[in-house]
Each structure stands twice: as structure tokens, then as C-alpha cells.
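Here's the structure we're looking at; comments come further down.
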Amino acid sequence: MSACQDSDIVSISNLFKLALGCVCLAISQLSAAGGGGQDAEAQKAAKREQYKKANPPRTSVGLIPLIDLGTGMYKGQEGGLYAGGSNVPPPEHLAAGVKIASTIVPLDAKGSPSPNGKIVLMSIGFSNPSIEFPAFQRRVAQESGINPHLVTVNGCVGSKAAHMIADINNDFWTINDQRLKAAGVTREQVEAVWLKEVNPGGNPWETEQKRLHDDYIAILHNLHGRFPNLKTTYVTSRSYGGYTELGGSPEPAAYETGFFVKAVVNDQIIGKPDLNYDPAKGAVVSPWIEWGPYIWTDGIKGRKDGFVYLREDVREDGLHPSDKGSAKISAMMLNFFKTDPATHGWFMK
């Protein structure tokens, strides 16, 4: 064999060794990545167990739903969805909302009335409503008598807390635009919104009483600014949070969001300028708002209307609604939009 041939054999051998080394390195890296993933899962499971140990899931917390509390008090705040312990809007406010809702008509892509246009109802919120609203959409699709011009768009985005979407520069709003485009509609066709938001973490009453209130106002300002034909917004507070194994909105923070949302609605009713919807009273900075369905109940203890929220109504994490939980909440939503005086006229045929 010639020297040249010997050299070729050595080169080929070296190349083979190099290739084999690369393969081994790749396998090693994949193995390490897999191990890292397993470590991350183990850490997540350990964190969850630690949280559960410090905050055992509870099937009931002994608190009274706002709609049952009436004129009773909680931390110095009166019950009911509206002032005076009432669960119905004051007549003047409701009449204004019904009048505004009567102007909701099908619009074309540029926002002009059109017999072939669309009425867009959009959801705004975080992960839980991002699961609940699609369940509602499925019910709407199967329900007879719905306005054929109605288009529902799920604008909720997981992990987007109230303080995030209060920021108009947050990418939540870019995603929101993408959802509208995917549905074949425009900002100009959005005329009604269902809004459900929280700031997770079980924040103290004193902190969240102001923060969530102010975040809601900022969100309403954002909605008014982005959707030029938005007329009405229906707000909902948190569902029961006693089962959570991950934190999120545990009790009593989940329950307390109802009082903070109530404060926002009441501010508009008493005429605070930063929530004005009436051009006759100054600059319009917000849509008209009222309570949508109130979905908090004391777990298995329930409330006077019989609504209970069971462990099976949330997923394994105890935080996000399961199919059963979403079915319950979406049923309440459908009933609200079909029957409320400020929704019936445009939601149904």
C-alpha cells in the first residue's frame, strides 16, 4: 500500500472518530436537556406540594356571596352587586344602558351601519375567562334565536393580569388585534365586551382594593380608545378560588375581587368623570358598564340560588376551570346575555 493510501485511511479514520464524537455530544446534550426538563417538572411539583402544605385546598371558606350578602357587611363594605345591597342596577343607570344598547346594530368593517354587517361581542381577560368564553361560544353556536349578525371573539390571553392589560403598550393588545383578524372582523365592529380580570397572588385587601379598581378603570379607558364603536361592557369578578394548588387567586382574594369590581361600577353610577359614558356630561372616556353574571359561590356550600362549585369543576391544578366548571359558568353567561335588558335586544333576533 502506498504512503498516499495510508494517509487516506488515517484521514477517513479521523473523520469517523470526529463524526462519532459529534453524535455522542449531541446525544449527551439531548440527554442533559431531557434531564433539565425532568428537573423543572420535579421543581414544579415540589413547589406545588409546598404551596398545598401551606395553603390546603378548601371546599368552602364560609364567606357569603355578594348576591346573598345584601345589606350585610364584609370588612366595612356592603354586599349586593349595587349600592344599597341590591343586585339590580338603579333604574336610571339601567335605562341609560338600555338606550345605549338599542344603538347596537350590524356594522361593516369600517364601522358604518350595514344590513350585512357584524355585531362583535369580545371577551377581555386572563386564563380563566379564556377557557370559559370558548365554552360560551359553543353554547351560542348551538342556541336557537341568536342574532345572526352576532360574532363572538375570545380576546382573553392566559397569564395577562389586570395590571398588564391596563398598560396600552402591553402585547395583549397586539394579540387582541390578531384574534379579531382571525375572526374576520375589525376593531370598528366591536360594540360589546365581557370583561373579567384579576391580579393574581392573593394580594392583601388594602393593596388590591385600590389597585384592581384602578386597573379596571385603565382597562375601560383602553377599550374606549381602541374600539371606537364600543357601547357597553359587562363585568364579572372571580370564581371560587379555594381549590387552587398553584396560588393564582386563592381565597379570600378571589371573593374580594367582587367588592373591587362593584366599586368600579358604582363609580360610574354616581357620575365620576373618569368613567363618564354620557357626552352630555363631558368627555366620554368609558363604555357604559354593568355587572355581567356574578359567578362566585362558596364552593360546595353554594349560594341561595343553588349554584355550587365543586373540585371537579376545576382542573388538576385546582385553579383553572375544567369542562364541567366551564359548562356551569357558560350556562350562566348565556342566560345573562339572553335575558338582561341591556343585552337582549342585540344578542337575540
message = Step by step: first the residues of segment 63-100, then only those that are small (Gly, Ala, Ser) and open to solvent by 50 Å² or more (accessible area, probe 1.4 Å), then the one that is farthest from Trp296 (Cα to Cα). Which residue is that?
response = Ala95
request  = Please work out which residue is nearest to His213 (Cα to Cα), limiting yourself to segment 252-288 and to residues that are assigned to a helix (DSSP H, G or I) and of a type in the set (Lys, Arg).
outcome  = Lys262
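For (1) open to solvent by 10 Å² or more (accessible area, probe 1.4 Å); (2) β-branched (Val, Ile, Thr); (3) over 23 Å from Gly84 (Cα atoms), each residue gets a yes or a no:
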| position | (1), (2), (3) |
| --- | --- |
| Ile269 | yes, yes, no |
| Pro279 | yes, no, yes |
| Gly282 | yes, no, yes |
| Trp291 | no, no, no |
| Lys304 | yes, no, no |
| Tyr309 | no, no, yes |
| Glu316 | yes, no, yes |
task = For segment 235-251, state whether one or more residues are in contact with an Asp or Glu (Cβ under 6 Å, 6 or more places away or on another chain), in a loop (DSSP other than H, G, I, E, B) and either open to solvent by 20 Å² or more (accessible area, probe 1.4 Å) or not small (Gly, Ala, Ser) (or both).
result = yes
key: Residue that is farthest from Pro57 (Cα to Cα) [pool: residues in segment 230-252 that are at pLDDT 95 or above and of a type in the set (Gly, Ala, Ser)]   = Ser237
request  = Identify, from the list Leu275, Leu334, the residue that is free of Cβ contacts under 8 Å to residues at least 60 places away in the same chain and under 23 Å from the mean Cα position of the chain (by Cα).
outcome  = Leu275
inquiry  = Of everything in segment 136-173, what is polar (S, T, N, Q) and either within 18 Å of Ile124 (Cα to Cα) or surrounded by 21 or more Cβ atoms within 10 Å (Cβ to Cβ) (or both)? Give them in sequence order.
reply    = Gln137, Thr152, Asn154, Ser159, Asn169, Asn170
message = Take Thr152 and tell me if it is closer than 21 Å to Val105 by Cα and touching a Phe, Trp or Tyr at 6+ places or on another chain (Cβ under 9 Å).
response = yes
query = Assuming Thr207 fulfils every condition listed in (1) within 30 Å of Leu246 (Cβ to Cβ); (2) touching a helix residue (DSSP H, G or I) at 6+ places or on another chain (Cβ under 6 Å) apart from one, which condition is it?
reply = (2)
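The values are calculated or read from the model by the stated rules, or taken from the named source; none is laboratory data. Computed from a predicted structure; not experimentally measured. Methodologically, a virtual Cβ is constructed for each residue, glycine included, from the backbone with ideal geometry; neighbour enumeration extends over all protein chains shown. To get the accessible areas, we keep the full protein, side chains included, count just its heavy atoms, and leave off ligands, DNA and RNA. Shrake-Rupley method; radii C 1.70, N 1.55, O 1.52, S 1.80 Å.
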